[in-house]
Amino acid sequence: MHNKSVAELSKELESGKISSLELTQQFLDRLKREDGKYNSFITISDEQALAEAESADEMRAAGKATVWTGVPFAHKDIFCTNGVRTSCGSKMLENFVPPYDATVTEKFKAAGAVCLGKTNMDEFAMGSSNESSFFGAVTNPWGLSNGEKRVPGGSSGGSAAAVAARLVPAATGTDTGGSIRQPAALCGITGLKPTYGRVSRYGMIAFASSLDQGGPMARSAEDAALMMNVMAGFDPKDSTCIDRDVPDYTATLNEPLKGLKIGLPKEYFSEQLSPAMEEQVRNAVREYEKLGATVKEVSLPNAKLAIAAYYVIAPAEASANLSRFDGVRYGYRCADPKDLMDMYTRTRAEGFGNEVKRRILVGSYALSAGYFDAYYLKAQKVRRLIQQDFINAFKEVDVLMSPVTPSPAFIQGEKTTDPVSMYLEDVFTIAINLAGIPAMSVPAGFVDGLPVGLQIIGDYFSEARLLNAAHQFQQVTDWHQREPQ
Ligand code: GLN
């Protein structure tokens, strides 16, 4: 069962060959047996999962089943789950049990899906390797058979590793600068960062509010489409969520790609990209030509400024968002504070890890009087230019294609002492968040036995077209079905 897709599991349940309770038990047993190798889960919520499975079976018996009813999956530990610990990978929230559900959580519950637990992540979603988690690093299932411990990418590294290792067929992720696409690429799975405002952020712990977006991580585009059917849509509880109809994302998966206009941004095929990676990406683009697409070069002249702008804007927003973690209402509080100031300072010094502190320091500095205009305001202007580059490109082409990462999964510890080298992991993904447009990572080959991702970037609200393009590619290739040994 663990090798089946969401769509296939759904059919098994529908046929009555297996109940959700049996299926959930099988997945839980396997998860507990296998996850010691990966550390992809922070919390396994067996009790709740079995209860959800029971209600799913009742829902089915009552003729009220959806595609998701009884199907196991997992949430990144950034989505609040009522009654189940939500840590965001931090000591600060090590014991935080939310009294409410995120909108995304609520929607999966309403569809009857069974959440097995909460996946590991970089602390407060800050990172590209899942090594900043208070709950320990996650190991990529790829490379492990050679005794290599490689990173799964981050920050949604637990979700990516769990899906790649067949512990769950699908998991939620979030993407502020690349955190769905980069781990999806490094673990050989399919991930989609939707348009900013397509998926509600309510109950999704905030990192950089103008960039954060939840999205699907699964093995195939078809399963990602099934997740989007649940996740997308307006939510009055999120003021930046956009009120716009949600299509059935599975309905257009089989549209032919004849005449699709693909643009290759020349700035994304630069010297940062290793030749072996470039070859895989170009081979993938050639598959699209065989499917009837046309290809031309385009330019995103301001793309090179994206990392610099992001590392002002994201930390600035993070420094404001994370000021709520002060030991007063919830979360970690230091022992025996002398007075209020001592409590604030020691709580934050002890509760946050180094990367989070670095972001708070950088962000507070960029926002402080005297520096605001030079850094924050300037970065916002650059952001507008980057957005305009994409708007111009989509006047000429339907989608853009590029690599997701400059290189495949690296060895644990390789970049932890050099934050800038870690930040450069997102050199091809970050501009997309600044512009607010959607993009996918699709498995597209291997370099040295490690997965390579193809990035497909679309105009605002073009998720259906991206999923269609990815699905058609997955009909003629089998990269997404390769399994780590
Ligand atoms: N790696 C980027 C960062 O560290 C992006 C993380 C994310 O998308 N959440 O900020």
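Bear in mind that the values in this text are calculations on the coordinates, not laboratory data. Predicted, not measured: the structure shown is a model, and the values here were computed from it. So basically every Cβ, Gly included, is an ideal-geometry build from the backbone, and we count neighbours across all protein chains shown.
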Classify the stretch 144-192 as rounded, prolate or oblate, taking a ≥ b ≥ c as the square roots of the eigenvalues of its Cα gyration tensor: rounded when a/c is under 1.5, otherwise prolate if a/b is larger than b/c and oblate if not. oblate
Projected onto their principal axes, the Cα atoms of the stretch 160-314 stretch, largest extent first, over whole-Å spans of 43, 40, 34
Need one number: nm distance between label points at R324 and K296, each 7 Å from Cα along Cα→Cβ, rounded to one decimal. 4.7 nm
Tally Lys/Arg at +1 and Asp/Glu at -1 over every other residue whose Cβ is under 12 Å from the Cβ of D223; what's the total? 0
Which of the trypsin sites (Lys or Arg not before Pro) across the stretch 1-87 are loop residues per DSSP, with 15 or fewer other Cβ within 10 Å? K17, K64
Enter the Cα centre distance for the pair the stretch 216-277 and the stretch 60-129, rounded to the nearest angstrom. 22 Å
Given an 8 Å cut-off on Cα distances and at least 6 residues of separation, report the relative contact order of the chain as a percent. 18 percent
All other residues with a Cβ under 11 Å from the Cβ of H480 taken together, and with Lys, Arg as +1 and Asp, Glu as -1, what is their net charge? -2
Cα gyration tensor, the stretch 98-173 - rounded (a/c under 1.5), prolate or oblate: oblate
Give me the dipole magnitude in Debye, nearest 20, for the chain about the Cα centre, with unit charges on the beta carbon: positive for Lys and Arg, negative for Asp and Glu. 560 debye
Cα extents of the chain along the principal axes, largest first, in whole Å, come to 65, 54, 49
Given a cut-off of under 8 Å on Cα pairs at least six residues apart, what relative contact order in percent is computed for the stretch 80-140? 32 percent
Dividing the helical contributions, -39500 (n - 2.57) per DSSP H run of n ≥ 4, by the residues of the chain yields a 222 nm value, nearest 500 deg cm²/dmol, of -11500 deg cm²/dmol
Quickly rank 391-398, 198-205, 155-162, 468-475 as a protection proxy: mean count of other C-beta atoms within 10 Å, highest first. 155-162, 198-205, 468-475, 391-398
Which of A435, N95, A225, positive extreme of dipole for the chain (C-beta unit charges): A435
As an exercise, take the mean of 1/r over every pair of distinct alpha carbons in the stretch 339-469, invert it, and state the Kirkwood radius in angstroms. 18.0 Å
Viscosity 1.567 mPa s, temperature 4 °C: Stokes-Einstein D of the stretch 47-98 from its Kirkwood Cα radius, in µm² per second? 103 µm²/s
I want the local charge near A409. Using Cβ-Cβ distances under 13 Å, sum +1 for each Lys or Arg and -1 for each Asp or Glu among the other residues. -2
Within straight cross-link reach of K296, meaning Cα distance under 29 Å, which lysines are found once same-chain residues fewer than 8 apart are removed? K193, K258, K261, K266, K304, K381, K395
note: the stretch 303-373, Cα-Cα separations exceeding 22 Å make up a percent value of 32 percent
Based on the alpha-carbon set only, what is the convex hull volume of the stretch 240-300 divided per residue, in Å³? 154 Å³
Compute the Rg/Rh shape ratio of the stretch 67-207: radius of gyration over Kirkwood radius, all on alpha-carbon atoms. 0.95
